[in-house]
Every structure is written in structure tokens, then in C-alpha cells.
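Please treat every number below as a calculation from the coordinates, not as lab data. None of these values were measured; they are calculated from a predicted model. Because the Cβ atoms are built from the backbone with ideal geometry, glycine has one as well, and the counts that use them run over all protein chains shown.
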Amino acid sequence: MDTNPEDKLHSQQVYVCDDVLAERQLACLEVLYDFNHTRPSEAAKRAELMQQLFAEVGEGCYIEPPLHANWGKHTHLGDNVYANFNLTLVDDTHIYIGNNVMIGPNVTIATAGHPIEPILREQITQFNIPVTIGNNVWIGAQCVILPGVSIGNNSVIGAGSIVTKDIPSNVVAMGNPCRVSREINEHDKIYYYKDRKYNE
């Protein structure tokens with residue numbers, strides 16, 4: 001029985017990259033090239049290309065070019081996802097992004113890793129573990145989210161964080177490695193930034 005060469009991408013096991021995968025990946029990258037070369041006035045064309053590029057695209061999604069992706073077709077977008085410049089999706093397996101997610105500039109979401117064992121790396125081996133980002137999450141600029149991480153609903157990831165472990169819902173987390181700083185609370189209903197209050 002024939003197996004799909006792409007099955008190994010989603011196995012979460014170590015595998016060797018090959019020419020068949022590289023050829024299939026190239027087809028995805030052609031669509032990505034077209035997306036990144038749209039003009040600012042070509043919103044309808046961008047939306048159409050996003051439908052070709054991604055596994056799923058919800059309503060009201062907007063990604064600011066340039067976008068970088070290993071495949072594109074393994075990324076699932078909920079409704080109203082916004083990503084600023086230079087989002088990098090290392091989507092060798094699935095990335096799930098929920099509804100109303102905001103992503104700052106220069107963020108990397110990576111599902112792929114390589115063995116620490118040098119001989120295996122010489123053989124161009126890798127493994128891929130899915131990443132899940134919940135609903136209403138804000139990921140600050142320059143964050144890196146590593147393979148296998150889940151981020152819970154409503155949480156905020158501070159700028160420059162390296163997210164190596166799961167982050168629960170309803171928290172502010174930051175740092176390298178990223179750790180929970182505090183829960184989102186009543187204070188956040190009064191102050192929008194440090195000591196700056198919302199207008200009544």
C-alpha cells in the first residue's frame with residue numbers, strides 16, 4: 001500500500017528530508033511568492049492567494065507582507081487573524097491559530113526542530129510537532145514560539161519572548177524562556193498601558 005510522502009511530516013518522528021518533499025514544497029512557495037509581490041491596493045488578490053496558500057482561512061484575516069512560510073498549507077487561521085510584517089511560519093506540520101489573534105512584527109512560529117545528535121543533523125533529519133494558539137491571543141513583536149507549544153485563550157505574550165512551554169489561558173507571559181508574569185485581572189479593565197487609564 002502506497003503512503004503519502006507528506007505523512008512523515010506529521011508523524012512527530014525524526015525523518016530525512018527528500019527530493020519529493022522539496023518538489024511539493026516548491027509549489028507552495030510559488031504561491032507565497034505571488035502573495036508577497038502584491039501591491040497594497042490588491043487586497044482582493046491577497047485574500048484569494050491566502051485561500052490557496054493556507055489549509056484554512058477564516059473571515060476577516062489580514063497578513064501584512066512579507067510573509068515567510070515553509071509550506072503555508074499546514075497553517076490553519078481562524079476568523080479575524082491579523083499579522084504584522086515578517087511573520088515566519090515554519091509549518092512543516094500543523095499550526096492552528098484561533099479567532100481574533102493579533103501577531104506583532106517579526107514573529108516566528110516554528111513546528112520543526114532538528115536532533116541535537118550531530119551525525120543525525122548531517123543526514124538532514126528533522127522532526128515536527130504542531131503548535132496551537134488559542135482565541136483572542138496577542139503575540140508581541142519579535143516572539144519565537146517553539147515546536148509543540150500551546151497558548152491558551154486570551155493570553156498575551158510579551159515582545160521578545162521565547163515560548164518553549166505551554167502557556168495557560170488568561171495570563172500575561174514574557175521572557176526568555178517565556179514564563180507567566182500574572183493573570184489578566186480587573187486592573188486591565190481600568191488601565192490600557194502601565195498607568196494610563198481608559199477614557200470614561
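Quick check: from the Cα gyration tensor, does the stretch 56-160 come out rounded (a/c under 1.5), prolate or oblate? Let's see the in-between values first.
Details: a/c = 1.91, a/b = 1.80, b/c = 1.06.
Here the stretch 56-160 falls in the prolate category.
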(request) Calculate the length of the line joining the C-alpha centroid of the stretch 172-195 to that of the stretch 22-39, in whole Å. (result) 38
(request) Using label points projected 7 Å from each Cα along Cα→Cβ, tell me how many nm separate THR88 and ASP7, to one decimal. (result) 3.2
(request) Using R₀ = 41 Å, calculate the FRET efficiency as 1/(1 + (r/R₀)^6) where r is the Cβ-Cβ separation of LYS194 and GLU59; round to 0.05. (result) 0.75
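Rounded, prolate or oblate: which one fits the chain, using the alpha carbon gyration tensor with axes a ≥ b ≥ c (rounded when a/c is under 1.5, else prolate when a/b beats b/c, else oblate)?
Numbers: a/c = 2.33, a/b = 1.41, b/c = 1.66.
Because a/c hits 1.5 or more and a/b fails to exceed b/c, the chain counts as oblate.
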(request) Assuming a ≥ b ≥ c are the square roots of the Cα gyration tensor eigenvalues, decide whether the stretch 1-118 counts as rounded (a/c under 1.5), prolate (otherwise, with a/b larger than b/c) or oblate. (result) prolate
(message) I need the peptides 63-75, 108-120 ranked by packing, meaning the mean over residues of other C-beta atoms within 10 angstrom, with the highest value on top.
(response) 63-75, 108-120
(request) Under 16 Å Cα to Cα from LYS197, which aspartates and glutamates show up? Leave out anything in the same chain fewer than 8 places away. (result) GLU186, ASP188
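Can you work out the FRET efficiency for the pair ASN176 and ALA44, with r the C-beta to C-beta distance and R0 = 30 Å, to the nearest 0.05?
Working from the Cβ atoms, E equals 0.15.
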